[in-house]
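> The structure that follows is given in the form of structure tokens.
The values are calculated or read from the model by the stated rules, or taken from the named source; none is laboratory data. Predicted model, so just to flag it, every value in this text is computed and none were measured. Cβ placement follows ideal geometry from the backbone for every residue including glycine, while neighbour counts extend to all protein chains displayed.
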Amino acid sequence: MQDLRTRAGVLLTLLLVLLVLLAAWLGVGRAHAAGRRVRPLFEPTDLELEEPGMLEVDLQVGAIRGNGAFRAVVPDFEIDLGLLRNLELDLDGAYAVEGPSRGPFSFDHAVPDSLWPALKLGLYDWRSATGASAVAFGVQLGPKLPVAAGAHGLGAESLLLLGTAFGRTHLVWNGGAFVEPDPDATPGRPLGLELGVDLDLDLDARDCFSLIGSVSGVRFLSADADQLLATAGLDWSPSELLDLSLVGLVGMLAGNDRYGILLGVSPKLQLFR
């Protein structure tokens, strides 16, 4: 238990240092273009690749407070399908209903995010002889499809992924760039760079409970406000084919949401072998 508390303290210190570095990199958030809807938050991804034929559906539902309004997320989703031993097909997106900026919440308007169909490719994987440490490297890239009302044109996003594992501690470092489809109200595409880290700390020897979290930032090259976000939560795996999670998030710059809470469920299904 003492060893676990020590690891948790080291990881917390590491994440706080990363927050400070990201804040220095981002600087003060700039006012975003008038009338432009805020770009969806960047959530660092992991480097887990599903076995060929294995389908995982990661769903999150909950409530998020933006800068001016609440929205109900119904749901945020990621669908992963293993194609080859080192190749996976992913589909990321979200559908939410946002309320008015003032007054009580009501089902005012839908705010779907761009769809991101992408390929995740594992390029390198090393594990120590004892299995206590490992390093992996991969990429994820694909087009962004305009599904929001009034949006048009294709975008694109690409990420470089570096995974490190030391005992029960798993970190995946993300770095990449994106260009979104043209929004509905204002000219110009959201364009920027993104950095982040995804954390998974196993709390027991059977890998049933895990502490999960992330720190991420977006530096816009377009006239949009920068983003800085931290998440933390708990994941429970009652079986190898099901994960349940509860995650809270806090935004720290003008370009992102202020806070929220999300409940997740991630079932797996073997489609083919």
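> Take V197 and decide whether it is touching a helix residue (DSSP H, G or I) at 6+ places or on another chain (Cβ under 8 Å), touching a residue at least 24 places away in the same chain (Cβ under 8 Å) and surrounded by 15 or more Cβ atoms within 10 Å (Cβ to Cβ).
Answer is yes for this residue.
> Something else now. Of F166, F178, which residue is under 27 Å from G122 (Cα atoms), of a type in the set (A, V, I, L, M, F, W, C) and out of contact with any Gly (no Cβ under 7 Å at 6 or more places or on another chain)?
Going through F166, F178 in turn, just one is under 27 Å from G122 (Cα atoms), of a type in the set (A, V, I, L, M, F, W, C) and out of contact with any Gly (no Cβ under 7 Å at 6 or more places or on another chain): F166.
> Now, a different point. So, in region 107-134, of the ones that are part of a loop (DSSP other than H, G, I, E, B) and among the hydrophobic types (A, V, I, L, M, F, W, C), which residue ends up surrounded by the fewest Cβ atoms within 10 Å (Cβ to Cβ)?
The residue in question is A129.
> Suppose we filter L234, L211 for residues that are more than 22 Å from A132 (Cα to Cα), in contact (Cβ under 8 Å) with a residue 12 or more places away in the chain and under 17 Å from the mean Cα position of the chain (by Cα); which single one remains? Walk me through how you get there before you give the answer.
Numbers: L211 fails: more than 22 Å from A132 (Cα to Cα).
Checking each option against the conditions leaves just L234.
> Same structure again: Inspect all residues belonging to region 13-25 and state whether any of them is surrounded by fewer than 18 Cβ atoms within 10 Å (Cβ to Cβ), touching a Leu at 6+ places or on another chain (Cβ under 8 Å) and at pLDDT 95 or above.
Scanning region 13-25, I find no residue that is surrounded by fewer than 18 Cβ atoms within 10 Å (Cβ to Cβ), touching a Leu at 6+ places or on another chain (Cβ under 8 Å) and at pLDDT 95 or above, so the answer is no.
> Here is a further query. Does at least one position in region 227-250 carry a residue that is surrounded by 14 or more Cβ atoms within 10 Å (Cβ to Cβ), touching a helix residue (DSSP H, G or I) at 6+ places or on another chain (Cβ under 7 Å), of a type outside the set (S, T, N, Q) and assigned to a loop (DSSP other than H, G, I, E, B)?
Checked against the condition, which is being surrounded by 14 or more Cβ atoms within 10 Å (Cβ to Cβ), touching a helix residue (DSSP H, G or I) at 6+ places or on another chain (Cβ under 7 Å), of a type outside the set (S, T, N, Q) and assigned to a loop (DSSP other than H, G, I, E, B), region 227-250 yields no hits at all.
> Do the conditions hold for S216, that is, is it in contact (Cβ under 8 Å) with a residue 24 or more places away in the chain and not in a strand (DSSP E or B)?
No.
> Turning to a different aspect of this structure: I'd like the residue in region 240-266 that is aliphatic (A, V, I, L, M) and out of contact with any Gly (no Cβ under 8 Å at 6 or more places or on another chain) and, out of all such residues, is modelled with the lowest pLDDT.
M252
> Check off (1) surrounded by fewer than 17 Cβ atoms within 10 Å (Cβ to Cβ); (2) more than 19 Å from the chain's Cα centre (by Cα) for T164 and give me the number that stays unchecked.
Just one mismatch for T164, condition (2).
> Looking at this structure, is D207 in a loop (DSSP other than H, G, I, E, B), out of contact with any Pro (no Cβ under 9 Å at 6 or more places or on another chain) and not basic (K, R)?
When the stated conditions are applied, D207 passes them.
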